[in-house]
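The values are calculated or read from the model by the stated rules, or taken from the named source; none is laboratory data. The structure presented is a predicted model; accordingly, all values stated were derived computationally and were not measured. Backbone-built Cβ (ideal geometry, glycine too); neighbour counts: all protein chains shown.
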Amino acid sequence: MPRSSPAGSTLPRLSFADTARVAAGVFGPILAQGVIVRRPAVVGLAERLDTHRQAARILGDLRERYGRGPVLLAIPGRDLAVVLDPDDAARVLEESPHPFTPANREKVTALRHFEPHGVLISDAEHRMIRRPWNEEVLDHREELHRLHQHVVRVVREEVAGLEGLPVLDWDAQAAAFWRVVRRVVLGDAARDDHELTDLMVDLRAQANWAFLRPRSTRRLRRLGELLRRHVAEAPPESLAAVVARTPGLPGTAPLGQMPQWLFAFDAAGIATHRALALLAAHPQVLAQVRAEDPSAHRGLRPTARATVLESLRLWPTTLTILRDGVAETDWSGRTAPAGTGFAIVSSYFHRDAGRLAWADAFAPEIWQDDRAQTSRAIVPFSAGPARCPGRTLVLDVTSELLAATVGRFDVTAVPPVRVRTGGPVPRTLAHTGLRFRLTPGA
Ligand code: HEM
């Protein structure tokens, strides 16, 4: 039974039984799938068990029994609160980095394996320098990234290279996607240079075991050397050249920001593969993507972008957004002491059927008429001052990729078809199990 606490006390703490349910049914599956790099076998199992539906049920039940405010897990040595209300989730993100720092304890422990100087895990002083630099290089405030023309060319060439492929499965999609990423980030010559991206995978695999593994200083040093070389030799049309041309202040650590970008592009590949499944099951939207003329939309591809955003709403790739309170915070009369961690389980809010008429539907229109933006806690790229500064570039690359693929090929999902026309969209979807037949001549 929930314990009741008088006003003025700390946040309610879950019973041990409820903590065990949250651990097993909410965070267990998230950790098991791999927070930093996904484990394909577990991702498939999560789909079969429909773990996101189970997690949403548990969180909804806690909200009914403990009330809307955040609730603390009963774990020794750590005050970790689960956010249950969309307004609270929005507040935590809006009030970042103070009093809610993105450099949360668990995140720092994991990410320091490959990006010890990344803005996401930086202290307040370094964040003030690193955040604006990231925003500038990534053209965060623009609709399209300055490398847009290069992105369009690279994507077209790589999509043309898919011709003759018997089936576009996850491995083929990821291989093509990383060729695009390497050409955009490092330049055309790095198209097949796997050393850097393979090293990132190794370091991220270590980060999955955050607390249990020591940092590999040898690999980290090698990562630094490779990044330094790529930036020094960057061809003008590459993100590395933008890095070289954008001086930072002392403490920026420009090269130290790049591992987060390479890590995060993985999510963009996953989102694109799932977006393709949405289009394959919704021929009318697919036809719209095909027919859309970017020159009529300031170079943008509105329907393709909305499809990618829907893919990320329906199946967020950042499964939990974490913050730590750096000061005591007030929650309608209850307090959370400084040092309390806050966990926002995005899929719970993105699929809140009690609040969102389109919770379990494929609804790209919500990104075009601002319904997504005005609904609280629809946060695939987070929100507030620490919102993903890579959003512009991500949507640029992924919408071009999606449009180029359906523009060149007829796309048919290969059985077992996981996303069907009409009806609800599955809560948990293993990107690793999606396969498509691409027939030239669309
Ligand atoms: C589909 C792809 C992506 C998604 C869904 C995504 C989502 C997010 C989210 C949710 C956060 C906040 C994380 C947190 O607060 O713990 C974040 C942070 C960040 N992302 Fe992305 N991201 C993506 C790709 C990228 C790419 C490709 C880049 C760079 C090229 C990038 C750069 C960053 C940076 C630098 C931060 C840290 C921001 C800060 O701490 O102020 N992201 N991203």
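Just so you know, in region 168-208 the residues that are touching a Phe, Trp or Tyr at 6+ places or on another chain (Cβ under 7 Å) and of a type in the set (A, V, I, L, M, F, W, C) include one that is nearest to Ala280 (Cα to Cα), and it is Leu168. Within region 337-391, can you find the residues that are among the β-branched types (Val, Ile, Thr) and either under 18 Å from Asn104 (Cβ atoms) or more than 16 Å from the ligand (Cβ to nearest atom) (or both)? Result: Thr340, Ile344, Val345, Ile366, Thr374, Val379.
Conditions (1) surrounded by 21 or more Cβ atoms within 10 Å (Cβ to Cβ); (2) without any contact (Cβ under 8 Å) to a residue 60 or more places away in the chain, marked per residue:
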position	(1), (2)
Arg351	yes, no
Phe362	yes, no
Arg376	no, no
Asp396	yes, no
Leu402	yes, no
Asp410	no, yes
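One residue is enough: does region 195-202 have a residue meeting the conditions of a type in the set (Val, Ile, Thr), under 30 Å from His431 (Cα atoms) and at pLDDT below 95? Yes, some residue in region 195-202 is of a type in the set (Val, Ile, Thr), under 30 Å from His431 (Cα atoms) and at pLDDT below 95.
Taking region 173-277 as the region of interest, the helices (runs of 4 or more DSSP H) fully inside it that hold 1 or more residues being under 30 Å from Arg313 (Cα atoms) and hydroxyl-bearing (Ser, Thr, Tyr) are 195-207. Here is the figure for region 420-442: residues that are within 26 Å of the chain's Cα centre (by Cα) and either of a type in the set (Asp, Glu) or at pLDDT 95 or above (or both) total 12. The listed residues are Thr272, Thr318, and the only one of them that is crowded, with 22+ Cβ neighbours inside 10 Å, in contact (Cβ under 8 Å) with a residue 60 or more places away in the chain and hydroxyl-bearing (Ser, Thr, Tyr) turns out to be Thr272. Considering Glu135, Glu115, the condition of being within 11 Å of the ligand (Cβ to nearest atom) and out of contact with any helix residue (DSSP H, G or I) (no Cβ under 9 Å at 6 or more places or on another chain) is satisfied by Glu135 alone. Among the residues of region 206-265, which ones are more than 13 Å from the ligand (Cβ to nearest atom) and polar (S, T, N, Q)? Passing the criteria: Gln206, Asn208, Ser216, Thr217, Thr246. Looking across region 33-69, the residues that are surrounded by 15 or more Cβ atoms within 10 Å (Cβ to Cβ), among the aliphatic types (A, V, I, L, M) and assigned to a helix (DSSP H, G or I) come down to Val42, Val43, Leu45, Ala46, Ala55, Ala56, Ile58, Leu59, Leu62. Residue pairs whose Cβ atoms lie under 6 Å apart, separated by 6 or more positions or on different chains, with the first residue in region 95-117 and without any contact (Cβ under 8 Å) to a residue 40 or more places away in the chain and the second of a type in the set (A, V, I, L, M), are Val108/Ile121.
Filter region 362-407 down to residues that are outside any loop (DSSP other than H, G, I, E, B) and not charged (D, E, K, R), then give me how many there are.
The number of residues fulfilling the criteria is 23.
Taking region 138-161 as the range and being closer than 25 Å to Ala386 by Cβ and either of a type in the set (Gly, Ala, Ser) or more than 15 Å from the ligand (Cβ to nearest atom) (or both) as the test, only Glu143 passes.
Within region 119-143, the residues that satisfy the criterion of being of a type outside the set (D, E, K, R) and surrounded by 20 or more Cβ atoms within 10 Å (Cβ to Cβ) are Val119, Leu120, Ile121, Ser122, Trp133, Asn134, Val137, Leu138.
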